[in-house]
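Structure first, commentary second.
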Amino acid sequence: MRRPYKHYRNSLGQRYCTLRYLADRKMLHIIWKGTATEESIEEVEKGILKMIRQFPCRSILNDVQDFFQAPAAYLAYLSWSEWDTKVKETSEVRCIANVLPVDAPVPQPERQRTDSLEIKYFVHLMDAMEWLNQKKLT
């Protein structure tokens, strides 16, 4: 049986990321904590792709409020570019809400192409949840 969650731990046994599929919302919730190496982030990216192919996932809630000292590759992870194309082509995901730390600079919204995912940035988890709720993706 497929598990609707996956935990990623570092070499010290500390959890740095949890993927949780919420069936009633058709959402993948990604929760980052602490720090992670570039290789660890790549491992999570592969896990995300696998999970959104296994479950009927229409949105992603990416919570990085408690993620600290990530490598520069993490910034590329937030914007995804090629990666979001893979997500769109291989899953039902249409929207990604990124929840940043309160003091983080919020990227300016990019002009949405009709062939790309809708990606938005927030500093409050509830604002992100409300935005995804308004999308009526369930």
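The numbers here are math on the coordinates, done by the rules we state, and not lab data. Quick caveat: nothing in here was measured; it's all calculated off a predicted structure. Cβ coordinates were reconstructed from backbone atoms using ideal geometry, including for glycine residues, and neighbour counts include every protein chain displayed.
Order the peptides 42-52, 23-33 from the highest to the lowest mean number of other Cβ atoms within 10 Å of their residues.
In decreasing order of mean packing, 42-52, 23-33 become 23-33, 42-52.
Using amide H atoms built 1.01 Å from N in the peptide plane, name the residues 5+ places from Lys33, or on other chains, whose amide H lies under 5 Å from its own.
Answer set, sorted by chain and number: Cys17.
Please list 3J(HN,Hα) in residue order for the range 3-20, calculated via the Karplus relation 6.51 cos²θ - 1.76 cosθ + 1.60 where θ = phi - 60°; whole Hz, with x for glycine and proline.
8, x, 8, 8, 10, 10, 10, 8, 5, 8, x, 8, 6, 10, 7, 10, 9, 9
Under a 5 Å amide H to amide H cut-off, with H placed in plane at 1.01 Å, what residues pair with Arg94 once short-range neighbours are removed?
Long-range HN contacts for Arg94: Ser59.
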